[in-house]
Amino acid sequence: MKFAVKQRLVSMGDDFDIRNEHGKKVYFVDGAAFSFVDNLIVKDMGKNEVCRIKKKMFTFIQTYTITKKGQLLATVKKRPFTFRTRFHLEIPGPGTYEIVGNLFRWDYAINRDGREVAKVSKKILAMSDSYGVEIKDDENPVVILAVAIVIDMVLHRGK
């Protein structure tokens, strides 16, 4: 499955549109404006909440949780002090996930047990932050798309 994640150029808060490989808008992200805590809601086109992204406060390592109706879907932690950008992704269930970026912070591979399950690529010549996301069929697309948004918030906010 392929998706395009594009931050809205003019918006209050961190707002994104997510389109499928056919260009059809399938999700949108509503970021809370004027909030002290990063708190975003991913909704489908019927305005139903599909997940919530929230930054944990008062942690040494930048940590974000992805939940649905109060149930934890994933936790994303930026690994400090690494030469290449790395994140640790915890998803309940079997397997160990790791996110590894390139030196320029444009491309990321999401690996489970050493096997690539998704790719996130930043489009360089865009007016706003835009990403291509390619997800293997056996992964939860909502979680992977939320992870791509977390990467953007951690690495590219205000740039």
Point to revise | Leading residue by the ranking (nearest to the chain's Cα centre (by Cα)) among those in the stretch 22-32 that are at pLDDT 95 or above and either open to solvent by less than 30 Å² (accessible area, probe 1.4 Å) or charged (D, E, K, R) (or both) | key: 25
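Quick grid of which residues meet (1) farther than 24 Å from residue 31 by Cα; (2) among the β-branched types (Val, Ile, Thr); (3) touching a helix residue (DSSP H, G or I) at 6+ places or on another chain (Cβ under 8 Å):
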| position | (1), (2), (3) |
| --- | --- |
| 48 | no, no, no |
| 52 | no, no, no |
| 66 | no, yes, yes |
| 72 | no, no, no |
| 84 | yes, no, no |
Check your understanding: In the stretch 74-128, which residue that is in contact (Cβ under 8 Å) with a residue 40 or more places away in the chain and surrounded by fewer than 18 Cβ atoms within 10 Å (Cβ to Cβ) is nearest to the chain's Cα centre (by Cα)?
Key -> 105
Point to revise | Residue satisfying condition, being of a type outside the set (A, V, I, L, M, F, W, C) and at pLDDT below 90, within set 62, 71 | key: 62
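The values are calculated or read from the model by the stated rules, or taken from the named source; none is laboratory data. None of the values given here were measured: they were computed from a predicted structure. Because the Cβ atoms are built from the backbone with ideal geometry, glycine has one as well, and the counts that use them run over all protein chains shown. Only protein heavy atoms, including side chains, enter the accessible area calculation; ligands, DNA and RNA are left aside. Shrake-Rupley method; radii C 1.70, N 1.55, O 1.52, S 1.80 Å.
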